Amino acid sequence: MHVSGRGSCTGEFDVPYKVTAKDESISITKAKVSVASMAYRGAKPKATLTVRNVGTLEEGIDYTVRYANIGAKGTGTIIFTRTGKYSGVLKKTFKVKAASITDGDVTVAGSAPYQKGGAKPEILVTVNGVKLTMGVDYTVSYKNNKKVGKTATVTIKGKGNYSGKVSRKFQVTAE
């Protein structure tokens, strides 16, 4: 490059320089994202990040992942942050579904003594190793629980972050 003085500046000189290719990193901001839904307190969903003309990127090498808003059913966010030769940050939302209460999650005592208002057996509901709270995580309703000697039914129904319905039979006893 040649530099010449102007105005009150005089003189001239040459400055050597070299033109190099711009170090362009590939942005992940326009990548195609595939992410499944997840159940509340379930495994975090795996996602696939694909960049046009490059292919599928690899987590831990090409990008890192963080999750937000997965503490309740609703909409969660997965945040991809570039590493290495890639640039940018990409956010994608996904559905956090209510965890399902299934038959294997519920333990009901086989009998319960009659009391004013009807017999109510001991109930334990545990989903994915977490003990649920009646009234917060599930509701309970009874049928035929007001006469000694009858076979009654208790129904547990998910609430809030839990879904599903399980019914169990129990005996109404005198004591």
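The values are calculated or read from the model by the stated rules, or taken from the named source; none is laboratory data. Note that the structure is predicted; figures quoted are calculated from it, not measured. A quick note on method: Cβ atoms are made from the backbone with ideal geometry, for glycine too, and the neighbour counts reach across all protein chains shown.
Say whether the condition of being in contact with a helix residue (DSSP H, G or I) (Cβ under 9 Å, 6 or more places away or on another chain), surrounded by 15 or more Cβ atoms within 10 Å (Cβ to Cβ) and within 17 Å of Tyr40 (Cβ to Cβ) is met by at least one residue in segment 118-126.
So far as segment 118-126 goes, yes, one or more of its residues are in contact with a helix residue (DSSP H, G or I) (Cβ under 9 Å, 6 or more places away or on another chain), surrounded by 15 or more Cβ atoms within 10 Å (Cβ to Cβ) and within 17 Å of Tyr40 (Cβ to Cβ).
It is to be established whether one or more residues within segment 17-40 are farther than 16 Å from Ile79 by Cα, modelled with pLDDT of 85 or more and assigned to a loop (DSSP other than H, G, I, E, B).
yes
Taking Lys73 and the conditions (1) among the charged types (D, E, K, R); (2) loosely packed, with under 15 Cβ neighbours inside 10 Å; (3) under 30 Å from Gly160 (Cβ atoms), which numbered condition does it fall short on, given that it satisfies the others?
All conditions are met except number (2).
Before we move on, is Thr81 modelled with pLDDT under 95 and either hydroxyl-bearing (Ser, Thr, Tyr) or exposed (fewer than 13 other Cβ atoms within 10 Å of the Cβ) (or both)?
yes
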